[in-house]
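**Q** Dumping the structure here so I can ask a few things about it.
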Amino acid sequence: MRGAGFAEATGHDHHDLVSVEGIKVHFPITSGIVFQHKIGAVHAVDGVSFSVRAGETLGLVGESGCGKSTTGLAILRVIPLTAGRVLYDAVDLADLRGRALRRHRRRMQMIFQDPYVSLNSRMTIGDIVGEPLLVYRLVPSEQREKRVRELLDTVGINPNTLNRYPHEFSGGQRQRIGIARALAVEPNFIVCDEPISALDVSIRAQIINLLQQLQREFGLSYLFIAHDLSVVRHISDRVAVMYLGRIVELAQNAELYGSPLHPYTQALLSAVPIPDPAVEMQRRAVILKGDVPSPVEPPSGCHFHPRCPVKEEGRCEVDDPPLVEVRREHWVACHLVTETKAPDVRAGENAGSEALSETTPPIPMVT
Amino acid sequence: MVNREFAETESDGAWTAEVAAVERRRAWQEVWRRLRQDRFAMAGLVVICALTVVAIFGPWIAPHDPTTQFRDGLRIDGLPVGPSSKFLLGTDSLGRDLLSRLIYGARVSLLVAVVARALTLIPAVVLGLVAGFAGGKTETLIMRFTDVMMAFPIYLLAMALVVVLNPGLTTLVGVIALIFWTSLARVLHGEVLSIKESQFVTAARLGGCSNARILFRHILPHLAAPIIVYTTLGLGNIILFEAAMSYIGLGIQPPTPSWGNMIAVGQKFYMAAPLLVVVPGVVMMATVLAFNLVGDGLRDAFDPLQRRVR
């Protein structure tokens, strides 16, 4: 498994390229027609901190509506932050204005979920890919077409089709065009917002391979947002698990999938089918009770406590568990996890479940 | 180079600028193809085309001068004469040829409608785009102003304006341009609101585009369909408004013929010579209906997903 060693193998140092420090994004809910007043807020992102290192892929997983896409957009400053800050190469983008902001912003790009709505249907793909080159004046205008052809070739689109319109391409091809547009400004960091969720299953592997190839070739860092755990496992160096606007667990890929510590992560992983009949027969999914609570009024204390099978009365619903490093490079936000003791979601076995190897994913059970 | 083995592109050699031009044409051809299947819209289009030809070539088509009062155009008792070989639709109360006045009236009505409608596009597009894109206080201000304009009794407003200025063709066009931009501005405001949240606009912003570039290059091209549809639909209303203003004497001034003032003159004789009100009335109704049918047809043709089930 390539996991941890990848960043070293490609010769990149481990410095933090993008640091996210306690960001919050609250969308106000207003009432009143003439005199609008705030009556509440959707706590889409509620205090998230992590960092993406140069050359690595950080996976961000969670259920729909947990705020993972909003986190991605907030990092790119498409959505304004309510609190916290985002450092890019140790520079806070909020401090920058004008030209410096544009220059820094260029380093961060995004690949969108739905290639059918992320390409302007009234522009040719050559114009779409070439627009950032024009706007940022990256190449002289007479060389622009040549550069566009190069970019299209890089992502596996026939450069001779640059005068065609997006509707003439398949979903996979459109996603490649979207990737070419993101690459045009030569970014270091790309937020991939569920880049394969909208694609045909047969095309997904191709796009994943392309993303990995580009990462090797250009030394890119990815924030890979997805709800598909197996894809995240395949592509990520480290994985962060999000629940209701907060990160509940963050660890190296092998560590997280091998020995998840947070009850939510355990439940999430137990829901993934295993392509091995013998193992699959024994798989016991932890079924979480109830629905994800509304982010308008998130639960007190630990956001997960109303659905947690192992919650401790009088503590989990009161205290907010901080994200602490319980092992090296393994951060968990749970009162029940300590350096020596993991929660009791697993049926009496050795708590940390180190016994489970990587090829046999954990089989958590509710006691 | 990279990744070729995965590429789904078919290797069809030369795609040139000409081929792209053909593709672009094809999108409009598609709209035309759908419009052609709409019988009502096609009927409307035929009426509009016929009227346009008549209006443009009016001086050559019309059998008589529209303002000449013929000696044989009035009966001995002073009433208009009925249809004859000389006056195909008869004459009006002053002995002028009704058909010629109708043809010249079409020129005036269509000219006022088209020019005024074109002028309304300016405030409609500017205010709609700015309100939708800027948001916040600007949006509230513009849209509430639009609401106030829509709630205003437009005939009262128009009459006040015309009386202050001088009644006539230019004044009428100006007044219409000041009044009839509201509904299109509202529609465009809504369209911009939804387009500006779309992912390709976010992508453009990340690609370094300025607000102006996003507005003109990414949002405006998507507004072509609503602009065309609502402009066409609005033409009918403007023709009616022009006729009403001319009817009450604040629009086109006699002796210049317009459908509205023809009805105003003819109504005194509606018992003796019903053609004087019936003919311009029917022509006007057909014209307005034609514009509305074509507008509806265009709306369906541009948006096949919302098309009613046949």
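We did not get these values from a lab; they are worked out from the coordinates using the rules stated. Predicted model only: the values in this text are computed from it and were never measured. A quick note on method: Cβ atoms are made from the backbone with ideal geometry, for glycine too, and the neighbour counts reach across all protein chains shown.
**Q** Please get the size of the charge dipole for the protein assembly as shown, origin at its Cα centre, with Cβ charges of +1 on Lys and Arg and -1 on Asp and Glu, quoted in debye to the nearest 20. Could the numbers behind the result be given before it?
**A** Details: 66 positive and 64 negative charges, 508 e Å.
Roughly 2440 debye for the protein assembly as shown.
**Q** Out of segment A:67-148, which trypsin sites (Lys or Arg not before Pro) are coil in DSSP terms and have no more than 15 other C-beta atoms within 10 Å? If you can, show how the numbers build up before the last one.
**A** Values: sites: A:LYS68, A:ARG77, A:ARG85, A:ARG97, A:ARG99, A:ARG102, A:ARG103, A:ARG105, A:ARG106, A:ARG107, A:ARG122, A:ARG137, A:ARG144, A:LYS146, A:ARG147; in loops: A:ARG77, A:ARG97, A:ARG106, A:ARG107, A:ARG122, A:ARG137.
Counting only loop positions with at most 15 other Cβ atoms within 10 Å, the trypsin sites (Lys or Arg not before Pro) in segment A:67-148 are A:ARG97, A:ARG137.
**Q** A further question on this structure: Would you mind putting B:98-107, A:208-217, B:132-141 in packing order, based on average other-beta-carbon counts within 10 Å, highest first?
**A** Values: B:98-107: 24.2, A:208-217: 17.2, B:132-141: 14.1.
My ranking of the peptides, most packed first, is B:98-107, A:208-217, B:132-141.
**Q** Between B:TYR270 and A:GLU297, what FRET efficiency follows from the Cβ-Cβ distance if R0 is 60 Å, with the result rounded to 0.05?
**A** Values: r = 70 Å, r/R0 = 1.17.
Efficiency computed from Cβ-Cβ geometry: 0.30.
**Q** A follow-up question, please. Nearest 5 is fine: what % of DSSP beta bridges in chain A come out antiparallel, could you say?
**A** On the way: 32 of 50 bridges.
So the antiparallel bridges amount to about 65 percent of the total.
**Q** Can you show me the helix-derived [θ] at 222 nm for chain B, built from DSSP H runs with n ≥ 4 at -39,500 (n - 2.57) apiece and divided by the number of residues, rounded to the nearest 500.
**A** On the way: 12 runs with 200 residues, N = 310.
Using -39500 (n - 2.57) per qualifying helix, the result is -21500 deg cm²/dmol.
**Q** Here's something else I'd like to know. Before rounding to the nearest 500, sum -39500 (n - 2.57) across all DSSP H runs of length at least 4 in chain A and divide by the residue total; then give [θ] at 222 nm in deg cm²/dmol.
**A** Roughly -8000 deg cm²/dmol at 222 nm, from the helical runs in chain A.
**Q** Using a simple charge model, +1 on the beta-carbon of Lys and Arg, -1 on the beta-carbon of Asp and Glu, nothing else, what dipole does chain B show about its Cα centre, in debye to the nearest 20?
**A** Values: 27 positive and 21 negative charges, 46 e Å.
Around 220 debye, computed over chain B.
**Q** With a Förster radius of 51 Å, plug the Cβ-Cβ distance of A:SER141 and A:ARG315 into 1/(1 + (r/R0)^6) and report the FRET value to the nearest 0.05. The partial results should precede the final answer.
**A** Working: r = 64 Å, r/R0 = 1.26.
After rounding, the FRET efficiency stands at 0.20.
**Q** Mind ordering A:301-309, B:69-77 by average Cβ neighbours within 10 Å, highest first? Provide the component values of the computation, followed by the final result.
**A** Working: A:301-309: 21.6, B:69-77: 12.3.
Put in order of decreasing packing, that is A:301-309, B:69-77.
**Q** Name the residues whose placed amide hydrogens come within less than 5 Å of the amide hydrogen of A:TYR243, ignoring near sequence neighbours (fewer than 5 apart) on the same chain.
**A** Amide H neighbours of A:TYR243: A:VAL248.
**Q** Turning to a different aspect of this structure: What is the spin-label model distance, in nm, from A:ARG284 to A:SER170 if the labels are put 7 Å beyond Cα along the C-beta direction?
**A** So the two model labels end up 4.4 nm from each other.
**Q** Right, another one. Which whole-number percentage describes the relative contact order of chain A, with Cα contacts under 8 Å and a sequence gap of 6 or more?
**A** Relative contact order for chain A comes out at 18 percent.
**Q** Pull up the DSSP beta bridges for the protein assembly as shown and report the antiparallel fraction as a percent, rounded to 5. Present the calculation step by step, with values, prior to reporting the outcome.
**A** Numbers: 34 of 52 bridges.
Roughly 65 percent of the DSSP beta bridges within the protein assembly as shown come out antiparallel.
**Q** Roughly how big is segment A:145-275's charge dipole about its Cα centre, with Cβ charges of +1 (Lys, Arg) and -1 (Asp, Glu), in debye to the nearest 20? Please list the in-between numbers first.
**A** Numbers: 12 positive and 13 negative charges, 40 e Å.
For segment A:145-275, the charge dipole is close to 200 debye.
**Q** Pop out the ³J(HN,Hα) list for segment B:200-205 in order, Karplus 6.51 cos²θ - 1.76 cosθ + 1.60 with θ = phi - 60°, rounded to Hz; leave Gly and Pro as x.
**A** 5, 6, 4, 4, 5, 5
**Q** Sort B:236-242, B:269-275, B:113-119 by the packing proxy (mean of other Cβ within 10 Å over each peptide's residues), most packed first. Write out the running numbers ahead of the final one.
**A** Values: B:236-242: 22.6, B:269-275: 14.3, B:113-119: 19.6.
Highest mean packing first, the order is B:236-242, B:113-119, B:269-275.
**Q** Count, for each residue of A:297-306, the Cβ atoms from other chains sitting within 10 Å of its Cβ, then give me the mean as a whole number.
**A** On the way: counts 0, 0, 0, 0, 0, 0, 0, 0, 0, 0.
Counting other chains' Cβ atoms within 10 Å and averaging over A:297-306 gives 0.
**Q** For the residue pair A:VAL201 and A:LYS38, what label-to-label distance in nm results when each label sits 7 Å from Cα along the Cα-to-beta-carbon direction?
**A** 4.5
**Q** Determine the percent antiparallel among the DSSP beta bridges restricted to segment A:162-290, to the nearest 5.
**A** Details: 6 of 11 bridges.
If we restrict to bridges inside segment A:162-290, about 55 percent are antiparallel.
**Q** Per-residue mean of other chain beta-carbon atoms within 10 angstrom of the beta-carbon, peptide B:206-216? It would help to have the intermediate numbers written out before the result.
**A** Details: counts 16, 16, 14, 5, 2, 0, 0, 3, 0, 0, 0.
That works out to 5 on average.
**Q** Mind giving me the FRET efficiency for B:THR68 and B:VAL46? R0 is 35 Å, r the Cβ-Cβ distance, nearest 0.05 is fine.
**A** Numbers: r = 31 Å, r/R0 = 0.90.
So the FRET efficiency works out to roughly 0.65.
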